Amino acid sequence: QVQLVESGGGLVQTGGSLTLSCAASEGTFSSASMGWFRQAPGKERELVASILWSGGLTYYADSVKGRFVISGDKAKNTVSLQMNSLEPEDTAVYYCAVRRPSYRQYDYWGQGTQVTVSS
């Protein structure tokens, strides 16, 4: 059993910043990549940002590129998401996820943390 825990969500005004953090509280595993997803009401879950440990390659959704920065520690299986210049459209539940080596999809998930951006 693996449990991921997100923290750092909250309420912020437009233009503000928040930093989300994710860590494993239970289980032993290795990860090939870790990422942040979000889901807003009435919208599909989408990948916001991810990091591939092998080369440190990062990916950002077009909607957050230039505003969000993902970072982490592979050995500790932790990942953070620095969110800047937040907009109301960023309001969603944000989830941390892990993709293990030899797996093509993310299969470990956290419970999510709410981010609300007010105008």
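The values are calculated or read from the model by the stated rules, or taken from the named source; none is laboratory data. Just so it is clear, the model here is predicted, and its values are computed rather than measured. Positions of Cβ are backbone-derived with ideal geometry, glycine not excepted, and every protein chain shown enters the neighbour counts. Side chains are part of the model used for accessible areas, which takes the heavy atoms of the whole protein and leaves out ligands, DNA and RNA. Shrake-Rupley method; radii C 1.70, N 1.55, O 1.52, S 1.80 Å.
The table below lists the values:
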{"read-out": "Simple label model, 7 Å out from Cα along Cβ direction - Q39 to Y59, nm", "value": "1.9"}
{"read-out": "Amide H contacts under 5 Å for F68, placed H, 5+ residues apart", "value": "N84"}
{"read-out": "Surface per residue (accessible, 1.4 Å probe) for the chain, Å²", "value": "54"}
{"read-out": "Low-density loop positions, GluC sites (Glu not before Pro), segment 36-119 - DSSP coil, at most 12 other Cβ in 10 Å", "value": "E44"}
{"read-out": "Solvent-accessible area, 1.4 Å probe, carbon plus sulfur percent, for segment 57-119", "value": "46"}
{"read-out": "For segment 95-108, Karplus couplings with θ = phi - 60° (6.51, -1.76, 1.60), whole Hz, Gly/Pro x", "value": "10, 8, 9, 10, 10, 7, x, 6, 9, 9, 10, 6, 10, 10"}
{"read-out": "Relative contact order of the chain, defined on C-alpha pairs under 8 angstrom at six or more residues apart (%)", "value": "36"}
{"read-out": "Whole-Hz ³J(HN,Hα) from phi, Karplus 6.51 cos²θ - 1.76 cosθ + 1.60, for segment 81-94, glycine and proline x", "value": "9, 8, 10, 10, 6, 5, 10, x, 5, 7, 4, 4, 8, 9"}
{"read-out": "Residue-wise HN-Hα coupling along segment 42-58, computed from phi with Karplus coefficients 6.51, -1.76, 1.60 (Hz; x: Gly, Pro)", "value": "x, 10, 6, 5, 10, 7, 8, 7, 8, 9, 9, 5, 4, x, x, 6, 10"}
{"read-out": "Residue of Y103, Y95, Y59 that the Gaussian network model of the chain assigns the largest fluctuation, springs spanning Cα pairs under 10 Å", "value": "Y103"}
{"read-out": "Furthest towards positive pole of dipole, Y95, G66, Y106, structure part the chain, Cβ charges", "value": "Y106"}
